[in-house]
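A quick write-up on the structure given underneath.
The values are calculated or read from the model by the stated rules, or taken from the named source; none is laboratory data. Quick caveat, the model's predicted, so the values are computed rather than measured. All Cβ positions, even for glycine, are placed from backbone atoms using ideal geometry, and neighbour counts span all protein chains on display. For accessibility, only protein heavy atoms count, side chains too; no ligands or nucleic acids. Shrake-Rupley method; radii C 1.70, N 1.55, O 1.52, S 1.80 Å.
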Amino acid sequence: MSHSAEPLPMSARRSGPLKGEAQVPGDKSVSHRALILGALAVGETRITGLLEGQDVLDTAKAMQAFGAEVQRVGEGEWVVHGVGVGGFAEPEGVIDCGNSGTGVRLIMGAMATTPITATFTGDPSLSRRPMRRITDPLELFGAQVTAREGGLLPLTIRGAADPAPVLYRTPVASAQIKSAVLLAGLNAPGQTVVIETEPTRDHTERMLAGFGANVTTEVTAEGRVITLTGRPELRPCTVAVPRDPSSAAFPVAAALIVPGSEIRVPGVSRNPTRDGLYVTLEEMGADLTWENQREEGGEPVADLIVRHGPLRGVTVSAERAASMIDEFPILSVIATFAEGTTVMNGVAELRVKESDRIDAMARGLEANGARIEETRDSLTVHGTGGLAGGATCATHLDHRIAMSFLVAGLASEQPIAVDDAGPIATSFPDFVPLMTRLGAQIG
Ligand code: S3P
């Protein structure tokens, strides 16, 4: 479903100490993958802790359109009856992935080696985002693609009838590209190989193995080499979706910048392909305590206790970018409350997310009194230990931009407003009530 509702203006103002427990929702990346792999397995997959945000609901609807039975049986509890690898049926209507780049890109991969035709569309944000990075490798498998000028959505894929396996080096560090190729490789005979120079989130590889596929990862001089043997029979699984470290970043940031705060965030991922923000925060001097390390849903997690305290600016290397790619907007907010300069390198990919996140953060923070510099692939924040506030920020249909500025407003001198908080429902539908329970003044 596209986000077509009226804009939802919202503002946040200086709040007293935040206290309590922040139980953030299920991981968005894992949720999409659980539905898609469940649809490609033969039999019943049970999912608990699924993120019931709009992005994931759109993927659930898409899996139904391709012939899987997908049912909600309780809060966060879903059952998928899959059709097997190569078993997707041709959808009757257009597949509308709303705001979700992950949804559309992974689903395109999953159908591209089955001889059916599907047309994909999305909201105005998704319709501006590059799709050739996905359709180029899918064409190597034999799929035929017709797209709008520039390779943009809406686009139609005619899946390959006689797919050939592919060896593909991802041109940018992207788990979405890697995953689309691996999902397409499921229905190609022989071995499909993806080589990535920078490691990106590895949920697809982990989950494919959990569903019984033969997938191996080798670290070589060229980078990570992921090899998948095609045409497996995927066996249905029980997937316990861990909490989303990218969503956890917002209450964590709020506790770091609001004086006197101390909150507990249970079940934060320690997966090294997702934990770049937390490593960076420790370098900034953040007071983070990890407790109760364990495994949940096949992912290493721990409970995190966060306390407010002084922070210092740091330089984040380009090599770390992929492990915190969705966390740069909120890091730029935290950096304004640190003392000294924070430089974020190798972040060009932020320009092609739900919005141009470098531009959105730079303009919004500047309007609220921060000193920012940007290049094509870097963002620099000159932190002064505080932020004036007082301005309204454009969110450009981008959930993480909306949440970042609302968090900033909890510690700025004057309130900070956003023009549209509606997109928050794509990834963190409970954001406002959860933050309010901690003591945040948002409304
Ligand atoms: C995601 C991968 C990332 C991330 C997105 C989710 C995924 O995108 O920004 O929110 O689930 O694979 P890229 O892999 O394109 O960088």
**Message:** The conditions are (1) out of contact with any Ser or Thr (no Cβ under 7 Å at 6 or more places or on another chain); (2) hydrophobic (A, V, I, L, M, F, W, C); (3) part of a strand (DSSP E or B); (4) open to solvent by 40 Å² or more (accessible area, probe 1.4 Å), and PHE120 fails exactly one of them. Which is it?
**Reply:** (4)
**Item:** Check on PRO130, more than 16 Å from the ligand (Cβ to nearest atom), open to solvent by 10 Å² or more (accessible area, probe 1.4 Å) and not assigned by TED's automatic domain parsing to the domain that holds ALA321
**Value:** no
**Message:** Could you tell me how many of the residues in segment 418-433 are in a helix (DSSP H, G or I) and touching a Gly at 6+ places or on another chain (Cβ under 6 Å)?
**Reply:** 1
**Prompt:** Quick one: which of VAL252, VAL306 is part of a strand (DSSP E or B) and hydrophobic (A, V, I, L, M, F, W, C)?
**Reply:** VAL306
**Prompt:** Has segment 86-94 got any residue that is among the β-branched types (Val, Ile, Thr), touching a strand residue (DSSP E or B) at 6+ places or on another chain (Cβ under 8 Å) and within 16 Å of the ligand (Cβ to nearest atom)?
**Reply:** no
**Item:** Hits in segment 76-106 - residues which are closer than 22 Å to PRO242 by Cβ and either outside the structural domain of THR204 (by TED's automatic domain parsing) or among the aliphatic types (A, V, I, L, M) (or both)
**Value:** VAL79, VAL80, LEU106
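Can we say SER4 is at pLDDT below 95 and either open to solvent by 50 Å² or more (accessible area, probe 1.4 Å) or assigned to a loop (DSSP other than H, G, I, E, B) (or both)?
Details: at pLDDT below 95: yes; either open to solvent by 50 Å² or more (accessible area, probe 1.4 Å) or assigned to a loop (DSSP other than H, G, I, E, B) (or both): yes.
Against the criterion (at pLDDT below 95 and either open to solvent by 50 Å² or more (accessible area, probe 1.4 Å) or assigned to a loop (DSSP other than H, G, I, E, B) (or both)), SER4 qualifies.
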**Prompt:** If we scan segment 242-252, do we find a residue that is buried (at least 18 other Cβ atoms within 10 Å of the Cβ), of a type in the set (Phe, Trp, Tyr) and touching a Cys at 6+ places or on another chain (Cβ under 7 Å)?
**Reply:** no
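Taking the conditions exactly as written (buried (at least 16 other Cβ atoms within 10 Å of the Cβ) and modelled with pLDDT of 95 or more), does GLY74 satisfy them or not?
On the way: buried (at least 16 other Cβ atoms within 10 Å of the Cβ): no; modelled with pLDDT of 95 or more: yes.
So GLY74 does not fit the description; no.
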**Asked** In segment 287-327, what residues are within 20 Å of ASN345 (Cβ to Cβ) and either open to solvent by less than 40 Å² (accessible area, probe 1.4 Å) or at pLDDT below 95 (or both)?
**Response** LEU311, GLY313, VAL314, VAL316, ALA321, ALA322, SER323, MET324, ILE325, ASP326, GLU327
**Asked** Taking into account only those residues within segment 64-104 that are among the aromatic types (Phe, Trp, Tyr) and in a loop (DSSP other than H, G, I, E, B), which is farthest from LEU40 (Cα to Cα)?
**Response** PHE66
**Request:** For segment 259-271, enumerate the residues that are at pLDDT 95 or above, over 13 Å from SER247 (Cβ atoms) and either open to solvent by 10 Å² or more (accessible area, probe 1.4 Å) or among the aliphatic types (A, V, I, L, M) (or both).
**Result:** PRO259, GLY260, GLU262, ILE263, ARG264
**Prompt:** Residues of segment 254-276 being of a type in the set (A, V, I, L, M) and out of contact with any Asp or Glu (no Cβ under 9 Å at 6 or more places or on another chain), which ones?
**Reply:** ALA254, ILE257, VAL258
**Request:** Could you list all residues from segment 223-241 that are of a type outside the set (A, V, I, L, M) and at pLDDT 95 or above?
**Result:** GLY223, ARG224, THR227, THR229, GLY230, ARG231, PRO232, GLU233, ARG235, PRO236, THR238
**Message:** Filter segment 348-379 down to the residues that are in a loop (DSSP other than H, G, I, E, B), in contact with an Asp or Glu (Cβ under 9 Å, 6 or more places away or on another chain) and under 27 Å from GLY309 (Cα atoms) and list them by number.
**Reply:** GLY369
**Request:** Kindly indicate the residue of segment 30-63 that is polar (S, T, N, Q) and in a strand (DSSP E or B) and also most open to solvent (accessible area, probe 1.4 Å) among those meeting that condition.
**Result:** THR48
**Prompt:** Does segment 144-174 hold any residues that are among the aliphatic types (A, V, I, L, M), more than 16 Å from the ligand (Cβ to nearest atom) and surrounded by fewer than 24 Cβ atoms within 10 Å (Cβ to Cβ), and which are they?
**Reply:** VAL145, ALA147, LEU155, ALA160, ALA161, ALA164, VAL166, LEU167
**Request:** Only residues in segment 123-136 that are closer than 17 Å to ARG351 by Cβ count as the first member; pair them with residues that are assigned to a loop (DSSP other than H, G, I, E, B), Cβ under 6 angstrom, at least 6 apart or cross-chain, and list the lot.
**Result:** SER125/ASN99; SER125/GLU354; SER125/LEU397; LEU126/ASN99
**Asked** Of all residues in segment 175-208 being among the small types (Gly, Ala, Ser) and touching a strand residue (DSSP E or B) at 6+ places or on another chain (Cβ under 8 Å), which is farthest from the ligand (Cβ to nearest atom)?
**Response** GLY190
